[in-house]
Amino acid sequence: MKKKQLAKLKQQFRPSYETARQQLFAAIESKTAANHDLPTTVYINPKNQDELLIELLKDTTKEQKIAVPLDENFKIVVKRIQRQEAGLLDRFSDNLVDEIAAYWVPAAAQPADDTDTTQEKHASEAKTTEPVMDASSTASQGLDPQQPASAGLTFADFSEKIAAFPKFSVQKTNGEATVVEATPKEQRILATISEDALGQFEILPALERKYKIKLDVIPLIEAYAATSLDQR
């Protein structure tokens, strides 16, 4: 079979974007119930197609619904799930479920060092940011995102891995780690990661245009963003 015919055949058996998204929603519903006794329903806000609603189906003293904006990063992850990237659906849904549980599970059920302030911070992040994948999505020994990682990435490890890409480096300023590329005219910003809030990062168009490189770089950014602040 010719390569073009084979590629076309594989494309026909690939789930649609909507199917991939529904697979993610179903995984979240299943895991919140099984892992945390939190029955939920997950759906697109009918009044805002760019917002995901996660609704708790039992009584709570908190808000019944969590709203998560469906930004470009979320859409990129769904497209990767659509391409059936190995393990991504489980890793990404696990991370989302952890964030959801941190909001709704009572303080008594959290580790002893968790405080009400910490819970409110998790809730705020869940409402305002797109949660990121588990740090296990990135290799600790190289740049292959399919290999398992050990712990998170320290700033030194993250900087070293990013520097492995020609002209790439990481700078830390004003509460952010910034991935930049040296060009003849300027330092081009590719991504920013918050040093003050867990899981907050932004992938800029300059990196999105680098089709081959971004598949290796973005998982590193996701892993570093998911690393607890005291371990970086």
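Of the strands (runs of 3 or more DSSP E) entirely within segment 18-98, those holding at least 1 residues that are modelled with pLDDT under 90 occupy 65-69.
Taking residues in segment 58-80 that are within 22 Å of Glu208 (Cα to Cα) and in contact (Cβ under 8 Å) with a residue 40 or more places away in the chain, and partners anywhere that are open to solvent by 70 Å² or more (accessible area, probe 1.4 Å) and of a type outside the set (A, V, I, L, M), the pairs with Cβ atoms closer than 6 Å and at least 6 places apart or on different chains are Leu70/Asp50.
Assess whether Lys127 counts as being within 16 Å of the chain's Cα centre (by Cα), at pLDDT 85 or above and open to solvent by 40 Å² or more (accessible area, probe 1.4 Å). Show your work before the answer.
Working: within 16 Å of the chain's Cα centre (by Cα): yes; at pLDDT 85 or above: no; open to solvent by 40 Å² or more (accessible area, probe 1.4 Å): yes.
Answer is no for this residue.
Residues that are among the aliphatic types (A, V, I, L, M) and touching a helix residue (DSSP H, G or I) at 6+ places or on another chain (Cβ under 9 Å) within segment 71-88 comprise Ile76, Val77, Val78, Ile81, Leu88, listed in sequence order. Taking every residue in segment 159-188 that is within 17 Å of Ala225 (Cβ to Cβ) and pairing it with any residue that is among the small types (Gly, Ala, Ser), at least 6 positions away or on another chain, the pairs with Cβ-Cβ distances below 7 Å are Ile162/Ser169; Val170/Ser159; Val170/Ala177; Gly175/Ser194; Glu176/Ser194; Val179/Ala191; Val180/Ser169. For segment 161-208, give me the residue count where each residue is surrounded by fewer than 14 Cβ atoms within 10 Å (Cβ to Cβ) and touching a Lys or Arg at 6+ places or on another chain (Cβ under 7 Å). Total meeting the criteria: 1.
The values are calculated or read from the model by the stated rules, or taken from the named source; none is laboratory data. Everything quoted here is computed from the prediction, not taken from an experiment. Positions of Cβ are backbone-derived with ideal geometry, glycine not excepted, and every protein chain shown enters the neighbour counts. Ligands, DNA and RNA are excluded from the accessible area calculation, which covers all protein heavy atoms including side chains. Shrake-Rupley method; radii C 1.70, N 1.55, O 1.52, S 1.80 Å.
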